[in-house]
Structures are given as structure tokens and as C-alpha cells.
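Some notes on the structure that comes next.
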């Protein structure tokens with residue numbers, strides 16, 4: 001059992017929780033995630049990115065949006081309640097140094113909506129490794145921003161805010177300031193996390209400049225081991241599984257249209273499909 005120690009409501013539908021998970025906290029690295037269950041005997045398994053971890057306290061921090069049956073149920077849990085199952089850390093951690101062992105240099109981090117949560121931990125780690133970190137975050141309106149002050153403390157430049165309605169920062173899309181930085185010629189790497197369409201267009205923005213672009217994908221997952229195949233995507237013409245090969249991939253190689261179509265096909269019956277798959281796995285025990 002993993003006890004909930006802290007709970008915060010960050011916006012109308014976004015919540016943050018700190019839970020006891022000493023083994024995960026000790027092993028976790030930036031970019032990794034967990035899979036949890038809210039009900040021990042029924043319900044689905046959902047992946048959530050580890051937004052932060054404290055080895056000394058033995059805790060991990062999760063940020064999630066209450067949009068489906070399980071996340072809504074999770075949002076109604078309170079301090080003192082316990083989660084019956086938390087599995088992790090899963091996935092490959094963010095490659096902070098790169099294949100040649102050197103730091104990228106100047107990294108532009110772009111976050112959209114709830115994607116700012118996983119981006120926070122990555123930006124923090126990049127900064128600690130000595131990189132210059134520029135941060136752009138976007139949302140539909142001002143009241144939907146999360147971790148604004150936390151990101152401001154990490155950014156070497158002024159934090160760039162972008163809103164669809166112009167209620168805060170620049171009015172427009174995150175790709176607009178991203179393109180300006182690319183045109184400046186001093187960007188070594190871009191990391192983009194957010195809705196699939198946002199990540200797709202961030203990747204299209206950086207491609208003409210040949211700037212390495214890393215994206216973190218959040219597809220449907222069941223077991224987190226690659227067995228169910230629900231998270232499969234196509235990267236560079238090869239089939240990959242987000243849970244074991246990712247969650248981070250080269251944004252220039254992801255088949256975005258295929259990924260978006262598959263996500264849409266699942267969406268209508270997402271909860272039913274997940275619960276059915278979870279029940280099958282329980283029957284195999």
C-alpha cells in the first residue's frame with residue numbers, strides 16, 4: 001500500500017499528490033513513469049509521470065488531470081488514503097548527456113497543458129547538469145497553467161507563457177516563440193511534452209533547422225512491459241512500445257498521424273477496453 005501524504009488542486013481539473021514509495025523514489029530518474037491502480041480488485045491501470053521524487057522522505061510526486069473514470073476516482077482520494085498498487089519506475093530515463101557523453105548546451109523545453117508536469121523534472125535535471133534551459137509553456141487560458149513559478153525558477157531566460165486566448169503572456173501557439181529561438185541559431189536541443197498535436201507541430205517546426213527534438217509520449221498502457229501492445233507506435237518505420245522503448249522518442253521520426261488515429265480509435269471506448277484488458281491479465285495470474 002502506498003499512502004497519500006499530500007494533495008493539492010492545481011487547477012479546475014488538475015491535481016498533485018505526494019505518495020509514499022521509497023523504492024521508486026530511490027531508483028527514479030527524470031522522464032520515467034509509474035502505473036497505478038486505485039482499486040485492488042477492479043478498475044484499470046493508468047500510467048502517470050513522476051513529476052518529482054524525494055529520496056530522503058521516500059516519496060514521489062504525481063500530477064494528473066481528472067478526465068476519465070480512474071483519474072476522477074483518484075482525484076477524490078485524500079491524505080491518509082492508500083493506493084493498492086504502484087509499479088515503477090518504468091520506461092527509459094531522459095538522456096541528459098547524449099550518446100557522446102556531452103551535455104547538449106542550450107535546451108529549449110516546451111510544455112503544453114498537463115505536459116508541463118513531466119517537463120518540470122526533466123528541465124530541473126538538465127539545469128543541474130549545467131545546460132542553459134529556456135522554457136516555453138502554453139495553455140488555453142491563464143487559469144490552466146500549472147507549475148508556473150516552479151518553472152520560472154529553473155529557466156535561465158524569462159519564462160515564456162503562451163495562451164490561446166491571450167489571457168496571459170503571448171497570444172498564439174508555443175510553436176511561434178520556438179521558431180524564433182530556432183532562427184536565432186543557438187539551440188542545441190528541444191524537448192516538447194504535451195498533447196500529440198502540439199508535439200507534432202513542435203517537431204515540424206524544428207525539423208528544417210535540423211535541431212534534435214525529443215518528445216515524451218503518453219499512449220494507452222495496460223501492463224507497462226510491452227506485452228499488451230496497446231502503446232505501440234511507429235518510429236522511423238519501426239514498431240516501438242512506449243512503455244519499454246520510451247516514453248521519449250525522436251520527434252522527427254514519430255509517425256504522428258498514425259499515433260493520433262490510434263489514440264482516437266481507443267478514445268470512445270477507452271475505459272471499457274482498458275478494464276477488459278486488465279481483467280484478462282488478472283485471469284492469467
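I need a count of the residues in the stretch 246-255 that are surrounded by 19 or more Cβ atoms within 10 Å (Cβ to Cβ) and outside any strand (DSSP E or B).
Here the count works out to 3.
Out of curiosity, is residue 39 in contact (Cβ under 8 Å) with a residue 40 or more places away in the chain and under 20 Å from the mean Cα position of the chain (by Cα)?
So residue 39 fails the test.
If we keep just the residues of the stretch 226-236 that are in a loop (DSSP other than H, G, I, E, B) and under 18 Å from the mean Cα position of the chain (by Cα), which is surrounded by the fewest Cβ atoms within 10 Å (Cβ to Cβ)? Before the answer, list the steps.
Filtering the stretch 226-236 down to residues in a loop (DSSP other than H, G, I, E, B) leaves 226-231, 236.
Subsequent filtering for residues that are under 18 Å from the mean Cα position of the chain (by Cα) retains 230-231.
On the way: 230: 19, 231: 25.
Residue satisfying both the conditions and the ranking: 230.
I'm told residue 212 meets every condition in (1) surrounded by fewer than 20 Cβ atoms within 10 Å (Cβ to Cβ); (2) free of Cβ contacts under 8 Å to residues at least 60 places away in the same chain except one. Can you identify the failing condition by its number?
Of everything listed in (1) surrounded by fewer than 20 Cβ atoms within 10 Å (Cβ to Cβ); (2) free of Cβ contacts under 8 Å to residues at least 60 places away in the same chain, residue 212 misses just condition (2).
Please specify each residue of the stretch 68-94 satisfying the condition of being surrounded by 13 or more Cβ atoms within 10 Å (Cβ to Cβ) and assigned to a loop (DSSP other than H, G, I, E, B).
Listed by number, the residues that qualify are 68, 77, 81, 84, 91, 92, 93, 94.
Residue-by-condition table, conditions (1) surrounded by 21 or more Cβ atoms within 10 Å (Cβ to Cβ); (2) out of contact with any strand residue (DSSP E or B) (no Cβ under 8 Å at 6 or more places or on another chain); (3) in a strand (DSSP E or B); (4) modelled with pLDDT under 95:
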residue	(1), (2), (3), (4)
115	yes, no, no, yes
138	yes, no, yes, no
167	no, yes, no, yes
177	no, no, no, no
191	yes, no, yes, no
205	yes, yes, no, no
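Filter the stretch 219-231 down to the residues that are on the phi < 0 side of the Ramachandran plot and touching a strand residue (DSSP E or B) at 6+ places or on another chain (Cβ under 7 Å), then identify the one that is modelled with the highest pLDDT.
If we take residues in the stretch 219-231 being on the phi < 0 side of the Ramachandran plot and touching a strand residue (DSSP E or B) at 6+ places or on another chain (Cβ under 7 Å), then 231 is modelled with the highest pLDDT.
Taking the stated definitions as given, is residue 153 over 26 Å from residue 257 (Cβ atoms) and either not assigned by TED's automatic domain parsing to the domain that holds residue 234 or not in a loop (DSSP other than H, G, I, E, B) (or both)?
Working: over 26 Å from residue 257 (Cβ atoms): yes; either not assigned by TED's automatic domain parsing to the domain that holds residue 234 or not in a loop (DSSP other than H, G, I, E, B) (or both): yes.
For residue 153, the condition - over 26 Å from residue 257 (Cβ atoms) and either not assigned by TED's automatic domain parsing to the domain that holds residue 234 or not in a loop (DSSP other than H, G, I, E, B) (or both) - is met.
The values are calculated or read from the model by the stated rules, or taken from the named source; none is laboratory data. Remember, predicted model here, so these are calculated numbers, not experimental data. Reconstructed Cβ throughout: ideal geometry from the backbone, glycine too, with neighbour counts over all protein chains shown.
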